[in-house]
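Worksheet: one structure, shown below.
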Amino acid sequence: MLNTAEILNALANRQKNFSLGRDLYCDEGVFHADLENLWYREWVFAIPSCDIPKTGNHATLQIGAYPVVIVRGGDGQIRAFHNVCRHRGQRLCPKQNGSSPKLVCPYHQWTYDLDGKLLFARDMGPDFDPSKFSLKPVHCRTEGGMVFICLADDPPDFEHLGSYLRDYVGASDLSNAKVAFTSTIVEKGNWKLVIENNRECYHCGGSHPSLCRTYSDNPLMTVMEGPNAASPEILSHWDRCDKAGLPARFVNDPGMQWRFARVPLLNNAESFTMSTKAAVNRRMGTIPWSDAGSLMFYHFPSSWNHFLPDHAIVFRLLPISPTETEVTSKWLVHKDAVEGVDYDLQKLTEVWLATNDEDRRVVEENQKGILSPAYEPGPYSPSQEEGVIHFVDWYVRQMLDRLSPSPAMAA
Ligand code: FES
């Protein structure tokens, strides 16, 4: 297990534009450093707000050692708390999703209001002060219908990202959406391999026959340099979107932690379906055409997403161990769309269920190869794997900044 000095050494000596050294993908010490310095300090995408549409609805997730519960209050507000009872520490809400008018601990029934206040604790004596035992809050922000949480005491800025979430994702009006289907899988690979796999389509032609019916694996369709720097096809798509008031142009965080861009699908396809046609009869939000393409939004370290005219798919990854990552995908449709009438669940989900499983196999084989003592870092393709280079550079920069004993050592 590497110590901090050894991790710093591995990061500082990595070869630029090459995959990372073996330890950075499998060592226990690196995994804990990733948790402490990224996962416990950055904003993490948790759920779409429509996952908990009503008062008392709640959803749980586990970020490293921290169980968290996200709750819709009686005032409509979404709040997050450490999912730990203030009596003797029982996990308060054990299920992935639930609903109850109050949060009742299953152990001794201490009862909390939806805003975290302790309302009831049986036989605790005359000196017991319930106001001292509210649930511990977790920073929580909802913008564009996307709920982000941050475990840090002092979270990084959210406003810049939040303003673009409002504009770009706002066009899909997730407040009038519902979750049609949720899939959770565990990939036996390091979380960074899961993101690396997502950030390129170099592998798509060989791995994703269903997705490639509608999604181009031409890197020019996903590699963009700015709001006016892309392939002619994308620029003309953005001009068309501009005229309709649909936010589409490339915009990114200067540090490349996140990016938005709407791109057309292959041959005017409407959706990620086997037929290339829309999977859902009702369009979402204010998207004006059925061939408006996919708004792609990623955010490191936890999420990538597709917002299509007829549905959206939001993806969340969470690290479980050095070589295990949980990937949760949620398919969102208009809240009034009726299964069996307006959409067929199998047709809606089949392409990305297959794609997720194909990616799982690729990532697991990648991890197995990296575990070999014979593995050594290999070069990324500058044209095909630019997105991977951006991610790895972001990761190394953040870790060096946070682990270095002096600013002079930061890259
Ligand atoms: Fe929750 Fe006892 S641990 S009520």
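The values are calculated or read from the model by the stated rules, or taken from the named source; none is laboratory data. As the structure is a computational prediction, the values presented were derived from the model and not from experiment. Here the Cβ is made from the backbone with ideal geometry for all residues, glycine too, and neighbour counts use every protein chain on show.
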Original post:
When residues of segment 78-94 are filtered for being touching a Lys or Arg at 6+ places or on another chain (Cβ under 8 Å) and near the ligand (Cβ under 6 Å from one of its atoms), how many remain?
Top reply: 1
Subject >> Which numbered condition VAL69 misses (of (1) within 16 Å of the ligand (Cβ to nearest atom); (2) within 17 Å of the chain's Cα centre (by Cα); (3) surrounded by fewer than 22 Cβ atoms within 10 Å (Cβ to Cβ)) >> reply: (3)
Subject >> segment 16-31, residues that are under 14 Å from ASN366 (Cβ atoms) and either modelled with pLDDT under 95 or among the aliphatic types (A, V, I, L, M) (or both) >> reply: LEU20, LEU24
Original post:
Can we say ASP113 is more than 23 Å from the chain's Cα centre (by Cα) and at pLDDT 95 or above?
Top reply: yes
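Show me the strands (runs of 3 or more DSSP E) found entirely inside segment 115-227 where at least 3 residues are surrounded by 14 or more Cβ atoms within 10 Å (Cβ to Cβ).
The strands (runs of 3 or more DSSP E) meeting that bar are 137-143, 146-150, 177-187.
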Original post:
(1) of a type outside the set (Phe, Trp, Tyr); (2) in contact (Cβ under 8 Å) with a residue 24 or more places away in the chain; (3) within 16 Å of the ligand (Cβ to nearest atom); (4) closer than 21 Å to THR55 by Cβ: which one isn't true of LEU119, the others all being true?
Top reply: (2)
**OP:** Hey, can you tell me all the residues within segment 372-411 that are surrounded by fewer than 13 Cβ atoms within 10 Å (Cβ to Cβ) and at pLDDT 95 or above?
**Re:** SER372, PRO373, ALA374, GLU376, GLY378, PRO379
Original post:
List pairs: first in segment 70-95 and assigned to a loop (DSSP other than H, G, I, E, B), second within 13 Å of the ligand (Cβ to nearest atom) and polar (S, T, N, Q), Cβ under 6 Å, 6+ apart or cross-chain?
Top reply: LEU92/ASN83; CYS93/ASN83
Subject >> Residue count, segment 8-38 (criterion: in contact with a Gly (Cβ under 7 Å, 6 or more places away or on another chain) and crowded, with 21+ Cβ neighbours inside 10 Å) >> reply: 1
Original post:
Quick one: would you say LYS335 is over 23 Å from the mean Cα position of the chain (by Cα) and of a type in the set (D, E, K, R)?
Top reply: no
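Which is at pLDDT below 95, among the small types (Gly, Ala, Ser) and either surrounded by 22 or more Cβ atoms within 10 Å (Cβ to Cβ) or in contact with a Lys or Arg (Cβ under 9 Å, 6 or more places away or on another chain) (or both), of SER294, SER302, SER329, SER271?
Every option except SER271 fails the conditions.
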**OP:** Can you tell me which residue among ASP393, ASP401 is in a helix (DSSP H, G or I) and more than 20 Å from the chain's Cα centre (by Cα)?
**Re:** ASP401
Original post:
Wholly within segment 299-384, which strands (runs of 3 or more DSSP E) include no fewer than the required count, namely at least 2 residues that are aromatic (Phe, Trp, Tyr) and out of contact with any helix residue (DSSP H, G or I) (no Cβ under 6 Å at 6 or more places or on another chain)?
Top reply: none
Subject >> Single residue of segment 366-384 satisfying the filter (of a type in the set (A, V, I, L, M) and in contact with a Ser or Thr (Cβ under 9 Å, 6 or more places away or on another chain)) that is farthest from ASN198 (Cα to Cα) >> reply: LEU371
Original post:
Which one is farthest from the ligand (Cβ to nearest atom) among residues in segment 96-106 that are assigned to a loop (DSSP other than H, G, I, E, B) and surrounded by 13 or more Cβ atoms within 10 Å (Cβ to Cβ)?
Top reply: GLN96
Subject >> VAL147 being under 26 Å from VAL44 (Cα atoms), touching a Gly at 6+ places or on another chain (Cβ under 7 Å) and either aliphatic (A, V, I, L, M) or within 16 Å of the ligand (Cβ to nearest atom) (or both) >> reply: no
